[in-house]
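Since the structure comes first, as structure tokens, the remarks are kept for the end.
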Amino acid sequence: MSASVPAKPDHLRPLRILAGVLFAVPVVMLIVMWFALGSTLTDPTPWLYVIGVLVLAVVGHLILRATGYHAVALARGTSKKEAMEQAKLSYQTALFRRVMTAELPMLVAMTLSFTIPGGFYLVLFGCAATLNLLALHVWPSERSVERIKASLEAAGANSYLREALGLPLA
């Protein structure tokens, strides 16, 4: 019999479960708004508002690319244990900052939907834009780990982020 090797903990798994739940929020809100705004389904939606929500999504994407993966660089000489703790916390904090920005198109669309005719379709576009931003920037992936790792190691210290998240070393 061969001895089983204990598996390394995958700390991205709980974050992926959380991200999956966050993906359900726009879908659930769309269903709720279907009932709340059902009387506006036959009204035409002013395209200026739809374009505004989509422009907000593009601006959100640009903000997320520019600042969403920023983390305070670790100082040289930081111990491995402390660096791992700070790196993991920085990754989680950046993830939640990205969630807040990614949900803006949906929230703005929901707010405006009660003031314009055809508001449901505005919410539909806002939720679609939010789902795209969540998929691009919130889902925990190798790309997001590497971007945060680069930010943490900007001062020359090793962050051990991959190890802290239970990922194989690259």
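Summary table below
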quantity	calculated
The stretch 34-129: chymotrypsin sites (Phe, Trp or Tyr not before Pro) falling in loop per DSSP and having at most 13 other Cβ within 10 Å	PHE114
Dipole moment magnitude, nearest 20 debye, the chain about Cα centre, only Lys, Arg, Asp, Glu C-beta charged	520 debye
Loop trypsin sites (Lys or Arg not before Pro), the stretch 68-132 (other Cβ atoms within 10 Å of the site Cβ: 10 or fewer; DSSP)	ARG76
For the stretch 16-22, Karplus couplings with θ = phi - 60° (6.51, -1.76, 1.60), whole Hz, Gly/Pro x	5, 5, 4, 5, x, 5, 5
Karplus-derived HN-Hα couplings along the stretch 48-53 (A = 6.51, B = -1.76, C = 1.60, θ = phi - 60°), whole Hz, x at Gly and Pro	4, 5, 4, 4, x, 5
Hits among aspartates and glutamates - C-alpha to C-alpha of LYS149 under 20 Å, sequence gap 8 or more where chains match	ASP10, GLU82, GLU85, GLU163
Stokes-Einstein diffusion coefficient of the stretch 99-170, Kirkwood radius over Cα pairs, 4 °C, 1.567 mPa s, in µm²/s	90 µm²/s
For the chain, Kirkwood radius (reciprocal of mean inverse C-alpha pair distance, Å)	17.8 Å
Hydrodynamic radius by Kirkwood, which averages 1/r over all alpha carbon pairs of the stretch 49-135, in angstrom	14.4 Å
Helix-only CD estimate at 222 nm, as mean residue ellipticity for the chain, using -39500 (n - 2.57) per DSSP H run (n ≥ 4)	-21000 deg cm²/dmol
Among THR111, THR42, THR67, residue whose mean-square fluctuation peaks in a GNM of the chain (springs only between Cα atoms under 10 Å)	THR42
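Taken together, the values in this text are just the output of simple stated rules run on the coordinates, not laboratory data. All figures in this text were calculated on a predicted structure; none of them were measured in a lab. With ideal geometry, Cβ positions are generated from the backbone for all residues, glycine too; neighbour counts draw on all protein chains shown.
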